[in-house]
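Take a look at the structure below.
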C-alpha cells in the first residue's frame, strides 16, 4: 500500500481516494536490469519509485546510449509522449538497482480522473512533477556549464556515484568520463 507522508503529494489524499489509488496501483519488487519501458514500444503505465534507482536513456543514431535522466525514490516517471499519445517510446527505462515500483495503467488513470476529484489532483501533481524535471533538464542543458550540471546532479542525487555507473553519469551530463573525472578531481582539490 502507498503510505501517505507529509512531504509527498500522497499526504493530501482523503481516505477514500487513498483506498481507490491503492486498488488501482500495482506494487512490484523488480530486479536490477528490469526495463519499465523500451524504445519502440508503447508505454502504458506511469510509475512511482518507492525504493531504487532508474535510468531513462535512448540510443543515438550511432548506437550509443545517451542517459536522459535518473529517477530515484519518491519519483514519478513515464515515457510521457508514449503514455499520453499511445505511440512508440523514443526511450528506455532501466532499473539500476533492485527496486520497489508502483505502476498505474493509462486506462485506470482515466477512470481515476473521471471518478474522484482528489485523485484528479493527485494525477495533476504527478504530471507536474514530471514536467518540472523535464524543464530542469532542458534548462540545464541549455544554460549550465558541465560543472554546474554536475553540481545540480550532486544536489539532487548526492549518492549517485555509489548507485550508477560513471559512463551513465557522464552521458547524462553530456561529457566524457575523462571530463567527469577532471571535474570531480578539481572540486575535491577545492575542499
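The values are calculated or read from the model by the stated rules, or taken from the named source; none is laboratory data. Computed from a predicted model, the values in this text were never measured in an experiment. Please note: Cβ atoms are built from the backbone with ideal geometry, for glycine as well, and neighbour counts cover all protein chains shown.
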Between residues in the range 152-166 that are modelled with pLDDT of 85 or more and residues that are assigned to a loop (DSSP other than H, G, I, E, B), which pairs lie under 6 Å by C-beta distance while being six or more apart or on different chains?
-> 163/53; 164/96
Out of (1) closer than 20 Å to residue 58 by Cβ; (2) more than 16 Å from the chain's Cα centre (by Cα); (3) buried (at least 16 other Cβ atoms within 10 Å of the Cβ), what's the single condition that is false for residue 167?
-> (3)
Within the range 124-140, can one find any residue that is within 25 Å of residue 185 (Cα to Cα) and either surrounded by 18 or more Cβ atoms within 10 Å (Cβ to Cβ) or in contact (Cβ under 8 Å) with a residue 60 or more places away in the chain (or both)?
-> yes
Given the conditions (1) buried (at least 18 other Cβ atoms within 10 Å of the Cβ); (2) out of contact with any helix residue (DSSP H, G or I) (no Cβ under 9 Å at 6 or more places or on another chain), which single one is not true for residue 91?
-> (2)
